[in-house]
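J.: Below is a structure I'd like to ask you about.
The values are calculated or read from the model by the stated rules, or taken from the named source; none is laboratory data. Owing to the predicted nature of the structure, the values given are computational and were not obtained by experimental measurement. Because the Cβ atoms are built from the backbone with ideal geometry, glycine has one as well, and the counts that use them run over all protein chains shown. Note: accessible area is taken over every heavy atom of the protein model, side chains too, but ligands, DNA and RNA are not part of it. Shrake-Rupley method; radii C 1.70, N 1.55, O 1.52, S 1.80 Å.
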Protein chains: 2
Amino acid sequence: MKDPTAREPAADRLAALVFAKGPTCLGFDPRPEWAPPELRPKSSSIEHAAEAAVAYFDEVLEAASFAAAAVKIQAAFFERWLAPGFAAFVRCCRRARELGMFVVADVKRGDIGTTSEAYAEAYLSPVDGESPLADAVTVSPYLGSDGLNPFFAAARRHDGLVFTLVKTSNPSSKELQDLVVAGTTIAERVAAAVEAEAERTRAHFGYGSSGAVVGATHREELAHFRAAMPHAWLLLPGYGAQGAGPQDVVDAFDRRGLGALVAASRSLTYPWAGAGAPDAWRAALKTAARKMADELAALKPSAST
Amino acid sequence: MKDPTAREPAADRLAALVFAKGPTCLGFDPRPEWAPPELRPKSSSIEHAAEAAVAYFDEVLEAASFAAAAVKIQAAFFERWLAPGFAAFVRCCRRARELGMFVVADVKRGDIGTTSEAYAEAYLSPVDGESPLADAVTVSPYLGSDGLNPFFAAARRHDGLVFTLVKTSNPSSKELQDLVVAGTTIAERVAAAVEAEAERTRAHFGYGSSGAVVGATHREELAHFRAAMPHAWLLLPGYGAQGAGPQDVVDAFDRRGLGALVAASRSLTYPWAGAGAPDAWRAALKTAARKMADELAALKPSAST
C-alpha cells in the first residue's frame, strides 16, 4: 500500500529541496551542556534533558532551516535518555517534517528478515495514522542483503530513501571496509548493492530510493564512490568540525548540483562548541548555516565541468 | 566510575545464572497478534500495542523464567510503535532485571566515537539514577574498532557485556562475513577483535566482557568460532523455529556447560505461533521452556568429552 501522504519519490523530493536550498544537511546530536544558558535542561533528569533538546532543536530549525534542505537526527544522543529521549527523537523528526525539511533518521539499524522489516516500519512507514517519521534512514550492511532488502522494500512502498553505510570517514573504517577480495573492497561490494537498487528505482532526476553514506574526508575516495553509484544519493558526514571542507566534497555533485547531502553537526548546531554560546547565539546559528550554504553554492561551477 | 549496583563482572553473573538455570535465552519479539485473546491490544493504537506487549512479557517471565538464564529483548519490534514502543522496551528490560535475569538488549547498534558512546550509555550505563537497562547489548562491527571500542569501554566500566555480530545464521551472511582476505574471513577478523577484548577482560570463570553473536545453524562453523574465541560468551540465535536443534549447539559449551546462551524466540514465547493460543497457554509456555532447557541439559555429557 502506498502511503497516501507521500506525493513523489523521496529522491525527487530531495532534489527539489536541494535546488531550493542547497545540499546542506543540518546534523543534530543534542548536547544540552553546549546549549545557550536559557535553553539548558532544568535539572539533570532525563526528562528535562530530552525536553531541552526538543526546545533547542526548534530554535535551530527556526534559525538555520532557511539554508538547509535536510536534517539528520542522531538517535544515539536521544536514546541515552531512554524513553523520554526516544519520545524527543520522534518529536524532533515530526517537527522537521512539518516544516517541509527532508528528515534523515540517523539510526544505523540493521538486522534480518522480519526484524529489519520492523525497523523499516518504524522509520519509513506510516505508523498509527501518521505519516512516516522520516524521509530516509541510515542502515548498516554487515548482515548482507537479507538485512538491506526489507529496508529497500519499505522505501519503495512508502516513497522513502535508505542510506546504507558504504565507506565511513573514521580511521578504523579501513579494518573492514577497505579489505580487498578478488580485486574489490568490501565497501565497493556494498556500493554495488546500493547502486543496483538505486538504478532499479531511479526517479525523475535520475536518483533512486537507495543511497549511501560515504565519508567526506578523502576527495579521491569520494569521487570513486560517486562514479560507482551514479543513481544513488550520497550522504556525506564529516564536514566542518570533522575536518572536510568544500574542496573535499566537490566531486559528489552532478552538473545540476544534485546527488549529495553534506552533513555538519557541531559546526552548525553548536558553532561555539566548548567555548560557550554567545549572547547572540541565534545570529551565530544563522551565520554558520549561511556560511556553509555559501561554501557549497560556490562549488557549482566547478562541479559542472 | 563503577556502577555501584553491579557486584561482579557480567560474564560471572551470567555463568552463575547458567549454572542455576541452564543456557536458555528467552527471545522476546512482541507479536500482539499471536498473543492469547485476553492479552491482545485493546485497539490498533501503538499505545495499546505497547501496553499489551509489556503485559504479555510479564506472563512469559512468570511462566518461563524458571528455565532460562537470560532474556533477549528485540528492540525493533518495539521501535515500530515509536515512543510508546520504546518506553515499553525499557519497561520490559527493567522487569527482567528486577527478576534477576540476565538481560540482553538486542539492538544491534553501531556508530563511531561519541555516537557509539551515547548508545553504550543508553544500554550499559546507569542512567538517571537507575541501574543499567541491560546486562548486555548486541552491536554491529561494520565501522571497525572505532565503533566497537566505546561499547567495550562501557562494558568494562559498568560490568556489562557486549555481543558483537560475528557470523549470523541468515543465508546472505556469506555475502560479506564469509569473504576471505589473506586466508581469513571477515567474520574471523571480527572474531579476533572480540577475543582480544574477551581475553583482556576475562573474569573468574574465564570469560570476558566481550562476546559474539554466532548463528547456531551450522555445527562445524560454530565449533570453529568457539575455538577462535575461547574467552567469549557466545549468543546463539536460530534455535527452535529457525531450525537449529540441540546437536547444532553442542560444541558451543565448555566442560562446565558454560560459554554460550542459546536463544529461541517464537518457539518459547509464542509456541503455538500462527495456530492461535490454546486455552492453556500458560502451561504451553512452561512446557516449551522446560522442553528446551531439558534438551540443552541433556547435552552436558557430550560437551564434557
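J.: If you take the residues in segment B:155-174 that are within 27 Å of B:Y119 (Cα to Cα), within 10 Å of another protein chain (Cβ to nearest Cβ) and over 17 Å from the mean Cα position of the chain (by Cα), which one is surrounded by the fewest Cβ atoms within 10 Å (Cβ to Cβ)?
T.: Here the answer is B:S172.
J.: Kindly indicate which of B:A212, B:A193 is more than 12 Å from chain A (Cβ to nearest Cβ), closer than 19 Å to A:Y142 by Cα and in contact with a helix residue (DSSP H, G or I) (Cβ under 8 Å, 6 or more places away or on another chain).
T.: So the residue among B:A212, B:A193 that is more than 12 Å from chain A (Cβ to nearest Cβ), closer than 19 Å to A:Y142 by Cα and in contact with a helix residue (DSSP H, G or I) (Cβ under 8 Å, 6 or more places away or on another chain) is B:A212.
J.: Okay, moving on. Counting only residues that are closer than 21 Å to B:L261 by Cβ and either more than 9 Å from chain A (Cβ to nearest Cβ) or in contact (Cβ under 8 Å) with a residue 40 or more places away in the chain (or both), how many does segment B:130-154 have? Before the answer, list the steps.
T.: Our first condition is that a residue be closer than 21 Å to B:L261 by Cβ; within segment B:130-154, this holds for B:131-141, B:148, B:151-152, B:154.
Next, only the ones that are either more than 9 Å from chain A (Cβ to nearest Cβ) or in contact (Cβ under 8 Å) with a residue 40 or more places away in the chain (or both) stay: B:131-139, B:141, B:148, B:151-152, B:154.
So the count comes out to 14.
J.: Quick one: would you say B:D135 is out of contact with any strand residue (DSSP E or B) (no Cβ under 7 Å at 6 or more places or on another chain) and closer than 24 Å to B:C92 by Cβ?
T.: So B:D135 fails the test.
J.: To continue, here is another question. For B:A83, work out the one condition from (1) open to solvent by less than 10 Å² (accessible area, probe 1.4 Å); (2) aliphatic (A, V, I, L, M); (3) within 10 Å of chain A (Cβ to nearest Cβ); (4) within 24 Å of A:F28 (Cβ to Cβ) it doesn't fulfil.
T.: (1)
J.: Turning to a different aspect of this structure: Counting only residues that are at the interface with chain A (Cβ under 7 Å from one of its Cβ atoms), open to solvent by less than 20 Å² (accessible area, probe 1.4 Å) and more than 24 Å from A:S169 (Cα to Cα), how many does segment B:86-121 have?
T.: 2
J.: Of all residues in segment A:175-189, how many are facing another protein chain (nearest Cβ under 8 Å) and open to solvent by less than 20 Å² (accessible area, probe 1.4 Å)?
T.: Adding up the residues that qualify gives 4.
J.: When residues of segment A:257-275 are filtered for being touching a residue at least 12 places away in the same chain (Cβ under 8 Å) and open to solvent by 20 Å² or more (accessible area, probe 1.4 Å), how many remain?
T.: 7
J.: Could you list, ordered by first residue, the pairs with Cβ atoms under 8 Å in which the first is in segment A:12-36 and within 12 Å of chain B (Cβ to nearest Cβ) and the second is among the β-branched types (V, I, T) and open to solvent by 10 Å² or more (accessible area, probe 1.4 Å), at least 6 apart or interchain?
T.: As it stands, the answer is A:D29/B:T114; A:D29/B:T115, since those pairs meet every condition given.
J.: While we're looking at this one, here's another question. Any idea how many residues of segment A:269-297 are charged (D, E, K, R) and in contact with an Asp or Glu (Cβ under 9 Å, 6 or more places away or on another chain)?
T.: So the answer is 1.
J.: Please work out if A:K42 is basic (K, R), more than 12 Å from every other protein chain (Cβ to nearest Cβ) and over 24 Å from B:A87 (Cα atoms).
T.: Numbers: basic (K, R): yes; more than 12 Å from every other protein chain (Cβ to nearest Cβ): yes; over 24 Å from B:A87 (Cα atoms): no.
So A:K42 does not fit the description; no.
J.: So for segment A:219-227 (the condition being in contact (Cβ under 8 Å) with a residue 40 or more places away in the chain and either more than 14 Å from every other protein chain (Cβ to nearest Cβ) or open to solvent by 10 Å² or more (accessible area, probe 1.4 Å) (or both)), does at least one residue qualify?
T.: Yes, segment A:219-227 contains at least one residue that is in contact (Cβ under 8 Å) with a residue 40 or more places away in the chain and either more than 14 Å from every other protein chain (Cβ to nearest Cβ) or open to solvent by 10 Å² or more (accessible area, probe 1.4 Å) (or both).
J.: What's the number of the only condition in (1) free of Cβ contacts under 8 Å to residues at least 40 places away in the same chain; (2) closer than 24 Å to A:P9 by Cβ; (3) open to solvent by 10 Å² or more (accessible area, probe 1.4 Å) that A:D254 fails to meet?
T.: A:D254 satisfies every listed condition except (1).
J.: Can you find a residue that is at pLDDT 95 or above, surrounded by 23 or more Cβ atoms within 10 Å (Cβ to Cβ), at the interface with chain A (Cβ under 8 Å from one of its Cβ atoms) and not in a loop (DSSP other than H, G, I, E, B) anywhere in segment B:53-70?
T.: no
J.: Which one is most open to solvent (accessible area, probe 1.4 Å), of the residues in segment B:18-44 that are under 17 Å from B:E79 (Cα atoms) and in a loop (DSSP other than H, G, I, E, B)?
T.: Here the answer is B:S44.
J.: Turning to a different aspect of this structure: Across segment A:138-154, which residue is farthest from B:R109 (Cα to Cα) among those that are within 16 Å of the chain's Cα centre (by Cα) and among the hydrophobic types (A, V, I, L, M, F, W, C)? Steps first, answer last, please.
T.: From segment A:138-154, those within 16 Å of the chain's Cα centre (by Cα) are A:138-140, A:151; that's our starting set.
From the residues that got through so far, the ones that are among the hydrophobic types (A, V, I, L, M, F, W, C) too are A:139, A:151.
Details: A:V139: 10, A:F151: 16 Å.
Ranking the candidates gives A:F151 first.
J.: Turning to a different aspect of this structure: A:D159 passes all but one of (1) within 28 Å of A:L179 (Cα to Cα); (2) touching an Asp or Glu at 6+ places or on another chain (Cβ under 8 Å); (3) of a type in the set (D, E); which number fails?
T.: (1)
J.: Looking for whichever is in contact with a helix residue (DSSP H, G or I) (Cβ under 6 Å, 6 or more places away or on another chain), away from chain B (no Cβ under 14 Å) and modelled with pLDDT under 95 here; the options are A:G240, A:G276, A:G257. Which one fits? First the steps, then the outcome.
T.: On the way: A:G276 fails: in contact with a helix residue (DSSP H, G or I) (Cβ under 6 Å, 6 or more places away or on another chain); A:G257 fails: modelled with pLDDT under 95.
None of the other options fit; the residue is A:G240.
J.: On the basis of being more than 10 Å from chain B (Cβ to nearest Cβ), out of contact with any Cys (no Cβ under 6 Å at 6 or more places or on another chain), in a helix (DSSP H, G or I) and within 30 Å of A:A118 (Cα to Cα), does A:F205 make the cut?
T.: It is false that A:F205 is more than 10 Å from chain B (Cβ to nearest Cβ), out of contact with any Cys (no Cβ under 6 Å at 6 or more places or on another chain), in a helix (DSSP H, G or I) and within 30 Å of A:A118 (Cα to Cα).
J.: Of B:Y123, B:Y142, B:Y119, which residue is at pLDDT 95 or above, out of contact with any Lys or Arg (no Cβ under 8 Å at 6 or more places or on another chain) and hydroxyl-bearing (S, T, Y)?
T.: B:Y142
J.: Still on this structure: What's the number of the condition B:V127 fails, among (1) among the aliphatic types (A, V, I, L, M); (2) crowded, with 18+ Cβ neighbours inside 10 Å; (3) touching a residue at least 12 places away in the same chain (Cβ under 8 Å); (4) touching a helix residue (DSSP H, G or I) at 6+ places or on another chain (Cβ under 8 Å)?
T.: Against the list (1) among the aliphatic types (A, V, I, L, M); (2) crowded, with 18+ Cβ neighbours inside 10 Å; (3) touching a residue at least 12 places away in the same chain (Cβ under 8 Å); (4) touching a helix residue (DSSP H, G or I) at 6+ places or on another chain (Cβ under 8 Å), B:V127 comes up short only on (3).
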